[in-house]
């Protein structure tokens, strides 16, 4: 099968993300103690442009959840999770709204203060509702019979949000297990979510991990079909996570708790079938820059009002990345208290 290069797309995406964050840091400064004349502190947050990661910060802005908390938040989309972790470590970002990575684990092992502080959306929607994210194969390959099961993807190209070592690569690995494969049995192609749909359509990749709203877009456009039962493959895994760097973990924990308080506020309108709430749909459509029917016709995420973090996912990720080889710079798994701060969320929800 002829493959098309996606290198230029990846390079441009990474350069754009770096440029946006660097410009933000240059304009606003990287010192979190800088305050406006009224004492409001500006927090810099990078986010993955998926519904599960971005819904809460978009809703917080729309609902005024930051009002009275002494903070404002500057949001910047990040195409590559590895960039976000690096920016957290050097304090160009205060917050990463995305997922843990091998890079995060390595930074922590080397002494950086980076920790997950809360969970976000999960695919554990009630009943038979379809999962909003999961593992998809190109529809034309399924229709032709070339791909019937996950096992048929051996040696093929699979799109991931970032390279091996990201949360999406971990979930891809969990999906590949359904066909007796590992990530080493396929060629992982780092792409942004938006570029993944295009690559599935033009043959640049054969399968991919997709998250809402792009999963719904790919299905609605006849580009891709789910190839595993995501709820079965992922179980209780919750990789969508809010991660703080040293600014909010050490220098200004009060502002960190305020941010999580705003996320709790933003979760309220996301309970139940938020697709029927015009205000929610408008906010998500505007923030993600997708048509409103992509939200209303898409699958549901479940947003836990307690912002619960599934700590076992960190153990699973470390094990898979260690088994893959060449990703982790340390030997023994990091204990959970090195990777998670429970106290900030507890303070926020008091």
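The values are calculated or read from the model by the stated rules, or taken from the named source; none is laboratory data. None of the values given here were measured: they were computed from a predicted structure. Note that each Cβ is placed from the backbone with ideal geometry, even for glycine, and that neighbours are counted across all protein chains shown.
Just a few scattered comments:
- Here 327, 334, 300, 339 are screened, and the one residue that is touching a residue at least 12 places away in the same chain (Cβ under 8 Å) and closer than 21 Å to residue 270 by Cα is 300.
- Those helices (runs of 4 or more DSSP H) lying entirely in segment 1-98 with at least 1 residues modelled with pLDDT of 50 or more and outside the structural domain of residue 156 (by TED's automatic domain parsing): 51-63, 81-89
This table checks each residue for (1) over 17 Å from the mean Cα position of the chain (by Cα); (2) in contact (Cβ under 8 Å) with a residue 60 or more places away in the chain; (3) assigned to a helix (DSSP H, G or I); (4) assigned by TED's automatic domain parsing to the domain that holds residue 289.
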residue	(1), (2), (3), (4)
209	no, yes, no, no
212	no, yes, no, no
217	yes, yes, yes, no
228	yes, yes, no, no
243	no, yes, no, yes
249	yes, yes, yes, yes
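- Checking each residue in segment 148-164 for being over 13 Å from the mean Cα position of the chain (by Cα) and touching a residue at least 40 places away in the same chain (Cβ under 8 Å) picks out 149, 150, 153, 156, 157, 158, 159, 163, 164.
- Test: residue in segment 265-275 that is in contact (Cβ under 8 Å) with a residue 60 or more places away in the chain, farther than 18 Å from residue 217 by Cα and assigned to a loop (DSSP other than H, G, I, E, B): no
- Residues (in a helix (DSSP H, G or I) and under 18 Å from the mean Cα position of the chain (by Cα)) located in segment 181-207: 193, 194, 195, 196, 197
- On inspection, residue 323 passes the criterion of being out of contact with any strand residue (DSSP E or B) (no Cβ under 7 Å at 6 or more places or on another chain), farther than 20 Å from residue 210 by Cα and either in a helix (DSSP H, G or I) or in the same structural domain as residue 181 (by TED's automatic domain parsing) (or both).
- Subset of segment 267-296 (residues that are crowded, with 18+ Cβ neighbours inside 10 Å and touching a strand residue (DSSP E or B) at 6+ places or on another chain (Cβ under 9 Å)): 267, 270, 274, 287
Each row is one residue, and each column tells you yes or no for (1) buried (at least 18 other Cβ atoms within 10 Å of the Cβ); (2) under 23 Å from residue 232 (Cβ atoms); (3) in the same structural domain as residue 216 (by TED's automatic domain parsing).
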site: 153; (1), (2), (3): yes, yes, yes
site: 157; (1), (2), (3): yes, no, yes
site: 160; (1), (2), (3): yes, yes, yes
site: 167; (1), (2), (3): yes, yes, yes
site: 175; (1), (2), (3): yes, yes, yes
site: 187; (1), (2), (3): no, no, yes
